[in-house]
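One structure below.
Nothing in this text is a laboratory measurement; each read-out follows from the coordinates by a stated rule. Everything numeric here is computed off the predicted structure, so don't read it as measured data. Methodologically, a virtual Cβ is constructed for each residue, glycine included, from the backbone with ideal geometry; neighbour enumeration extends over all protein chains shown.
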Ligand code: MN
């Protein structure tokens, strides 16, 4: 783990994205970035382990319970990415990035196959789960009914 993959994919002489370094901030922030790349998707990121754990969600995070959305895990991003928005030029991830939502979360449960957390954002609030599927990078993001802990 770390940012090797993130940094190897990018040319920091041309992209405005932060190079970054792992950093423990003591905070638990999340961000959803609407990314108009070759295919529009929503990057869902949670501040964990000194980086932003990241999933690309093609249809966007669900705002109502019991809607399952595919989230493809992508490389860890630096903490500084939490407020990044702008235009990524020609190259990896080229396109416009806008912040769709941001806020904090409380981690309820975590193991290798599942994360449960409570989001406090502008658009997204309440209990959510990310559950790993049999496909290595594919997870399911869903909003749980209130009070459903796991
Ligand atoms: Mn993206």
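Taking the chain as a Gaussian network, where each spring joins two C-alpha atoms under 10 Å apart, which residue of 106, 17, 90 fluctuates the most?
Highest fluctuation of the listed residues: 90.
In nm, to one decimal, how far is the modelled label at residue 37 from the one at residue 138, with both set 7 Å along Cα→Cβ?
In this crude spin-label approximation the distance works out to 1.8 nm.
Is region 61-113 best put as rounded, prolate or oblate by its Cα gyration tensor, with a ≥ b ≥ c the root eigenvalues, rounded for a/c under 1.5, and otherwise prolate when a/b is larger than b/c, oblate when not?
Numbers: a/c = 1.77, a/b = 1.66, b/c = 1.07.
Prolate is the answer for region 61-113, as a/c is 1.5 or above and a/b outweighs b/c.
At a threshold of 8 angstrom on Cα-Cα distance, excluding pairs fewer than six apart, so keeping six or more, what relative contact order does region 85-150 reach in percent? Before the final figure, lay out each step's value.
Numbers: 110 pairs, mean separation 13.5, N = 66.
Contact order relative to length: 21 percent.
Based on the Cα atoms of region 25-150, what semi-axes does the equivalent ellipsoid have, where each is the square root of 5 times one gyration tensor eigenvalue, given in whole Å with the largest first? Present the calculation step by step, with values, prior to reporting the outcome.
Numbers: eigenvalues 99, 49, 40 Å².
With the √(5λ) rule applied to region 25-150, the semi-axes are 22, 16, 14 Å.
Please build a GNM for the chain, connecting alpha carbons under 10 Å apart, and tell me which residue among 134, 21, 37 fluctuates the most.
Ranking 134, 21, 37 by mean-square fluctuation puts 134 first.
For the pair residue 106 and residue 70, what calculated FRET efficiency results from E = 1/(1 + (r/R0)^6), where r is the Cβ-Cβ distance and R0 = 22 Å, to the nearest 0.05?
In this case the efficiency is close to 0.35.
Per the helix-only calculation at 222 nm, which mean residue ellipticity applies to the chain, given -39500 (n - 2.57) for every DSSP H run of n ≥ 4 and division by its residues, nearest 500 deg cm²/dmol? Walk me through the numbers before you get to the answer.
On the way: 1 runs with 5 residues, N = 150.
Using -39500 (n - 2.57) per qualifying helix, the result is -500 deg cm²/dmol.
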